[in-house]
Structures are given as structure tokens and as C-alpha cells.
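Colleague: Structure provided below as C-alpha cells; questions to follow.
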Amino acid sequence: MAERFDIDTGEGRRPSPDGYDEPLPLSFHRLTGAMNAVGTGWIFVIMILMTADVLGRNLFNTPIRGVIEIVTLSIVSIVFIQLADTLRTGKFTRADAVLGALLLRKPAIGRLVQGVFHLAGAALVAAMCAASWPLLVESWQNGEYLGAIGDFQAPVWVMRAVIVFGSACTTVTFLFLAFADFRVALGAKGRR
């Protein structure tokens, strides 16, 4: 079974099966970690808000305005704000039965294949980022909102900005990982 890549050394790097520390800069590690922390904190805030809304509805017949809109926008935002750190820590969903075996039996070939997968991931997420940019600009310019005038309005551009920023950070993370994979595959075993 392939080793899991979920051990954080605290130095912005994650160990690989062959002991090579991947070159994820400490500043980028801190950025993605902070984004993950913001996402986790926001989940906690949403849980409190939803609980207060349910209690307000049932006990006092007074719901909190905008909870549905806030939760709707927050779910997508939380996914994208935590995406880069999820990838960096090796907890990104992937089917790695074949790749894990290849990494253990033929590490150089496994890292080459993994590097190609990371480049493909970077291309896919970069395409999502590029497709989201015009939507962000349009939301900003048109003042798009979710909710009802006179009741509660939440700006949609905030969620779209988080999607663009999270996608950009995830693309950069994929590129760092691809670079590390290709360095190992080509025999460059240098340390920091």
C-alpha cells in the first residue's frame, strides 16, 4: 500500500516515499494553511448561525434574515478556500491504487506519472480559474446579489472572488508538486 502524504513537517514541506522534501515554500505553506483555517472558522460560524436560526424560528417565531443566502454562498466559498491546502497536505481525493504501487516499486517512473497528473490537475484548475474570472468581473460590475431587496442581500462577487483566488492557489500548488515530482523522477535528489 502506498504511503499517505498527510504528514506535515511544520516547515512547509511534505515528505514523499523516497524521502525527498518537495519544494513548497514556507510562505506559500502559511498562506494555504491560513486559508484552510479561515474556511474551518467559517464552518464554525455557519453552524452557530444555523443553530441560532433554528432556535429563533422554533422558540421565538423569529428567524434570522439571510441565513439561507449566507449558507448558500458559503458552501462553495469554503470548498475553494480550502482546496489548495487539501492538495498540499495530500488529502485531495484521488484513486491511487495503481500509482501508489508504482511509487513503491518504481519510484522514478511513479513520480514521473504523478508529475503528469499534477500538471493535468494544474491545467484543469487553471481553466476553472480562467472561466470564473469573467463571472467575478460581471458580478462586481452589475452589483449581483443573492436575496431580496428590502429583506437581505448578499453580494455574489465575494464568493466568486474566493473561487478565483482558491483556484489560483490550487493551480500553483499543483505546479509546485509537479516540479518536485519531475525533479525526483529525473534524479535531482537535492535538499532545501
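The values are calculated or read from the model by the stated rules, or taken from the named source; none is laboratory data. Quick caveat, the model's predicted, so the values are computed rather than measured. As a convention, Cβ positions derive from the backbone with ideal geometry for all residues, glycine included, and neighbour counts pool all protein chains shown.
Colleague: Identify, please: which residue in the range 47-97 is in a helix (DSSP H, G or I), among the hydroxyl-bearing types (S, T, Y) and within 24 Å of the chain's Cα centre (by Cα) and is, among those, farthest from A168 (Cα to Cα)?
Modeller: Our first condition is that a residue be in a helix (DSSP H, G or I); within the range 47-97, this holds for 47-60, 67-88, 97.
After this cut, where a residue has to be among the hydroxyl-bearing types (S, T, Y) as well, the list is 51, 72, 74, 77, 86.
Of the ones still in play, those that are also within 24 Å of the chain's Cα centre (by Cα) are 72, 74, 77, 86.
Working: T72: 22, S74: 19, S77: 14, T86: 14 Å.
Across the range 47-97, the extreme among qualifying residues is T72.
Residue-wise test of (1) buried (at least 22 other Cβ atoms within 10 Å of the Cβ); (2) part of a helix (DSSP H, G or I); (3) at pLDDT 95 or above.
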position: L136; (1), (2), (3): no, yes, yes
position: S167; (1), (2), (3): yes, yes, yes
position: V172; (1), (2), (3): no, yes, yes
position: F176; (1), (2), (3): no, yes, no
position: F179; (1), (2), (3): no, yes, no
position: F182; (1), (2), (3): no, yes, no
position: G190; (1), (2), (3): no, no, no
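Colleague: Among V67, V38, which is the only one that is of a type outside the set (D, E, K, R), farther than 30 Å from A97 by Cβ and at pLDDT 95 or above? So that I can check it myself, show each step before the final result.
Modeller: On the way: V67 fails: at pLDDT 95 or above.
Of V67, V38, the one residue that is of a type outside the set (D, E, K, R), farther than 30 Å from A97 by Cβ and at pLDDT 95 or above is V38.
Colleague: Among the numbered conditions (1) modelled with pLDDT of 90 or more; (2) surrounded by fewer than 18 Cβ atoms within 10 Å (Cβ to Cβ), tell me where S77 comes up short.
Modeller: So S77 meets the others, but not (2).
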